[in-house]
Amino acid sequence: MLVSLEDARAHLRIDSFSGESPDDAWLEIMIPAISEAVLLWLKDEDRAYEVDSEGERGDVRPVVRAAVLVELASQYRFRESEGAAHVPAHWGHGYNLGIGATALLTPLRRSTVA
């Protein structure tokens with residue numbers, strides 16, 4: 001997962017005084033699903049991570065974490081997709097993420113044009 005349950009709760013402003021939230025079941029499904037969608041959209045999983053001087057994968061890039069949280073918030077607010085900010089049709093095909101997450105991730109996406 002690219003973000004933790006605690007990161008998601010904080011971003012969505014979900015208070016859980018008892019340790020669990022009624023939204024946790026939804027978050028436990030959606031965090032991995034959106035993380036996978038982001039990685040697939042990037043077309044190269046390594047682009048989601050910082051790389052150290054020796055070429056080793058490190059932490060998740062802040063912009064990737066932000067994109068996951070933005071997409072998670074959109075999915076949380078618009079659970080039926082009605083009213084969500086979709087990518088305009090003239091941008092082409094292959095945009096399975098909302099406009100906010102897409103805008104954050106576009107500089108990292110691996111090009112498939114030769």
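Annotation: of all residues in region 71-103 being among the hydrophobic types (A, V, I, L, M, F, W, C) and closer than 15 Å to Leu39 by Cα, the one that is modelled with the highest pLDDT is Leu72.
Quick one: count up the residues across region 5-45 that are over 22 Å from Ile99 (Cα atoms) and either of a type in the set (D, E, K, R) or modelled with pLDDT of 95 or more (or both). Adding up the residues that qualify gives 6.
Yes/no per residue for (1) touching a helix residue (DSSP H, G or I) at 6+ places or on another chain (Cβ under 7 Å); (2) assigned to a strand (DSSP E or B); (3) touching a residue at least 40 places away in the same chain (Cβ under 8 Å); (4) β-branched (Val, Ile, Thr):
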position: Leu2; (1), (2), (3), (4): yes, no, yes, no
position: Asp15; (1), (2), (3), (4): no, no, no, no
position: Ile34; (1), (2), (3), (4): yes, no, yes, yes
position: Trp41; (1), (2), (3), (4): yes, no, yes, no
position: Ser53; (1), (2), (3), (4): no, no, no, no
position: Val63; (1), (2), (3), (4): yes, no, yes, yes
position: Val68; (1), (2), (3), (4): yes, no, yes, yes
position: Ser74; (1), (2), (3), (4): yes, no, no, no
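Determine if region 47-63 includes at least one residue that is buried (at least 17 other Cβ atoms within 10 Å of the Cβ) and at pLDDT below 90. No - not one qualifying residue is present in region 47-63.
The values are calculated or read from the model by the stated rules, or taken from the named source; none is laboratory data. On a predicted model such as this, the values are computed, not experimentally measured, just so you know. Counting neighbours? That spans all protein chains shown, and the Cβs are built from the backbone with ideal geometry, glycine included.
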